[in-house]
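J.: Got a structure here, written out as structure tokens. Questions coming.
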Amino acid sequence: MTTTPPAAPAPRADDVRTLHLSELLKRPITDRGGESLGRLADVVVRLRGSELPLVIGGAASVGGREVFVPMEQVTSFDGEVLKLDSAKLDLRQFERRPGEVLLRADVLGHRLIDVETAHLIKAADLELEQRGGEWVLTGVDTRRRRAGLSALFGRGGAEPERSFREWSAFEPLMGHTGSAMLRGPFARIRRLKPAQIADLLEEASKEEETEILGHVHADPELEADVFEELDEDLATRLLGARTDAEIAEVLSRMRADDAADAVAELPQNRRQPVLDLMPPGQRTKVLTLMGFNPTSAGGLMGVDFLALAPTVPVGAALAAVRESQTLQPEALTSVHAVDPDGYLHGVANLVSLLQADADSTLADVCDDDPVRVGASTDVVDVAVLMSDYNLITIPVVDERRHMIGIITVDDVLEVTLPADWRRREAAQPPDAHVGEGP
């Protein structure tokens, strides 16, 4: 007579088995008979896109070389000794494959991006958890340990409680191109705003810069936005390391005023070759802006703005705002009534257009004597005017009141803030997201 063995009791929901990387490293590895084979030098995980990284084995120091120990051979991963089910190991030197990450060498040895706060931090430890028979990487301990604490604990003191946060909250900078690039669209760095990525680059080492830029480069529009936000000296260095064609490709997607500034900072012998490789339209805008003093309204302005005939109905003007996908959003807060010769008849702000009768014309809604400046106006005077009149934008005109550009409030802030404003400690003010709730 045969009997069915009783089913194993289901694991309790709160019975979670966890390990810390610091507890695993240097643990002895033995065969099933207890004979020593070496020590664990590292833990290897495989990246799986949006899923948690899977522990696939370890790198062991055996006979003076580092060899791979597959997880399938390990019978007691969470014991004091890592016991294998046999003594048969592939003794060839361990070489990682694309998508494989060494937790000690790649993660603990490199900084991670805290995506929530846009900071670079170091991982003090990593947490592994057993789920469904597999071990996965689940958490990062970012607590900074003070010098001498380990000695204190050794004399009987209690170590402070660890503070592990979910692995999904971080983007590792592992320094291994094959594995880093495999993440592709799952790279969490793309959740950040261009200004936050720029702050990270300004804080990063050269090796970290390379990996961050590798992710950013995969999205050309994001790359251009990031370069617009970078400190001038860093942007010049990063662009200078590229070929003329690569520089022109980035500048062609940037706002013309930022691209003009970037070209002006290039070495003299590289400016013309880069300009020659830019699209004709962008090249013309950049050359125009380079002709102005950088401390004047002309050097500060952008040349992309929304200009419509004074007779255009308000409804059509709003439709034009809606369809202007390539213009800077700040510039779209004003619509300019300009005749075919370029004469500025007036300016209507977006609120006035929204509140007006749709059958009215742009001329009916416009301020026909708007505050405006010439190209030679000093930037400090521009800032005073915008503050006095509560302006978000201000048009730049020539002597005949022909419109040649527009200055937005963010342009003015950038040049009037202290020169070291980017060197702030935090990537964003601590109250930038007040009121978000739990």
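The values are calculated or read from the model by the stated rules, or taken from the named source; none is laboratory data. Only a predicted model underlies this, so the values are computations on that prediction, with no experimental measurement involved. A quick note on method: Cβ atoms are made from the backbone with ideal geometry, for glycine too, and the neighbour counts reach across all protein chains shown. The accessibility values were calculated without ligands, DNA or RNA, using every heavy atom of the protein model including side chains. Shrake-Rupley method; radii C 1.70, N 1.55, O 1.52, S 1.80 Å.
J.: Applying the Karplus parametrisation 6.51 cos²θ - 1.76 cosθ + 1.60 with θ = phi - 60° to the phi angles of region 254-265, what ³J(HN,Hα) value in whole Hz is obtained for each residue in order, glycine and proline being reported as x?
T.: 7, 4, 4, 5, 5, 5, 4, 4, 5, 5, 4, 8
J.: Okay, moving on. Return the loop-located GluC sites (Glu not before Pro) in region 27-97 (DSSP other than H, G, I, E, B) with at most 13 other Cβ atoms within 10 Å of their own Cβ; answer none if there are none.
T.: 35, 80, 95
J.: Considering only protein heavy atoms, what is the solvent-accessible area of residue 290 at a probe of 1.4 Å, reported in Å² to the nearest 10?
T.: Accessible area, nearest 10 Å²: 70 Å².
J.: Amide H neighbours of residue 38 under 5 Å, counting only residues 5+ apart in sequence or on other chains, H built in-plane at 1.01 Å?
T.: It is 29, by chain and number.
J.: Taking H as built 1.01 Å from N, whose amide H comes closer than 5 Å to the amide H of residue 135, not counting residues under 5 places away?
T.: 55
J.: Can you give the accessible area of residue 338 in Å² (nearest 10), computed on protein heavy atoms with a 1.4 Å probe?
T.: Here the residue's solvent-accessible area equals roughly 20 Å².
J.: Could you derive backbone 3J(HN,Hα) for region 376-389 from the dihedral phi with the Karplus parameters 6.51, -1.76 and 1.60 (θ = phi - 60°), listing whole Hz in sequence and x where the residue is Gly or Pro?
T.: Karplus values, whole Hz, x for Gly and Pro: 8, 4, 5, 5, 5, 5, 4, 4, 5, 4, 5, 6, 4, 9.
J.: Show me the ranking of peptides 250-261, 302-313 by mean Cβ neighbours inside 10 Å, starting with the highest.
T.: Packing order, densest peptide first, comes out as 250-261, 302-313.
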